[in-house]
Amino acid sequence: MSDQETVQTQPSLTTTEIMTIILGCEQTLRFVQASPNYQQIEASERFSTSNDLRLGDAIQTLVEVHEAIINIEFYSQV
């Protein structure tokens with residue numbers, strides 16, 4: 001196999017595609033978070049993460065990243 005064949009190209013995403021993926025991940029995580037089964041898991045005293053993070057923290061991170069992209073888009077149009 002030649003070097004050309006083994007080189008993988010990274011996907012090129014538009015800003016709109018990136019925003020759509022982020023929003024989709026956020027909504028998916030909100031769906032999981034609302035699940036009674038997940039709520040039971042997270043409420044367990046045995047549930048722990050290395051930084052005491054919860055699913056809500058991941059959702060909040062995605063919200064903040066989404067807002068940051070909106071700000072960049074806004075200021076680059078001004």
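Just reorder Glu17, Glu42 by solvent-accessible area, largest first, 1.4 Å probe, all chains present.
So, going from the largest accessible area down, we get Glu17, Glu42.
Could you work out the local net charge near Leu62, counting Lys and Arg as +1, Asp and Glu as -1, over the other residues with Cβ closer than 14 Å to its Cβ?
Neighbourhood net charge equals -2.
What relative contact order, as a whole-number percentage, does the chain give when Cα pairs under 8 Å and 6 or more residues apart are counted?
38 percent
Accessible area per residue of the chain at 1.4 Å probe, in Å²?
Value for the chain: 86 Å² per residue.
Give me the dipole magnitude in Debye, nearest 20, for the chain about the Cα centre, with unit charges on the beta carbon: positive for Lys and Arg, negative for Asp and Glu.
Dipole magnitude for the chain comes out near 260 debye.
If you take all C-alpha pairs in the chain, what percent of them are over 14 Å apart?
Percent of Cα pairs beyond 14 Å in the chain: 74.
In whole Hz, with x marking every Gly and Pro, tabulate ³J(HN,Hα) for region 56-72 from phi via Karplus 6.51 cos²θ - 1.76 cosθ + 1.60, θ = phi - 60°.
Values, residue by residue: x, 5, 5, 4, 4, 4, 5, 4, 5, 5, 4, 5, 5, 5, 4, 4, 4 Hz.
Over the chain, with every protein chain in place, what whole percent of the accessible area is carbon and sulfur at 1.4 Å, could you tell me?
Solvent-exposed carbon and sulfur of the chain make up 55 percent of the total.
Below 14 angstrom from the Cβ of Arg30, what's the summed charge of the other residues (Lys, Arg +1; Asp, Glu -1)?
The answer is -2.
Can you give the local net charge around Phe47? Use residues other than it whose beta-carbon is closer than 14 angstrom to its beta-carbon, Lys and Arg +1, Asp and Glu -1.
-2
Hey, what angle do you get for helix 15-34 against the long axis of the chain, alpha-carbon based, 0 to 90 degrees rounded to 10?
The two axes meet at around 10 degrees.
Show that you can apply the helix-only estimate: for the chain, add -39,500 (n - 2.57) for every DSSP H stretch of four or more residues, divide by all residues, and state [θ] at 222 nm to the nearest 500.
Helix-only estimate at 222 nm: -22500 deg cm²/dmol.
Could you tell me which residue out of Leu53, Pro36, Thr20 lies farthest along the dipole of the chain toward its positive end? Charges go on the beta carbon: Lys and Arg +1, Asp and Glu -1, centred on the Cα centre.
Pro36
The values are calculated or read from the model by the stated rules, or taken from the named source; none is laboratory data. The model shown is predicted, which means the values in this text are computed figures rather than measured ones. Heads up, the Cβs are rebuilt from the backbone with ideal geometry, glycines too, and the neighbour counts pull from every protein chain shown. For the accessible areas, the whole protein counts, side chains as well, though only heavy atoms, and no ligand, DNA or RNA atoms are used. Shrake-Rupley method; radii C 1.70, N 1.55, O 1.52, S 1.80 Å.
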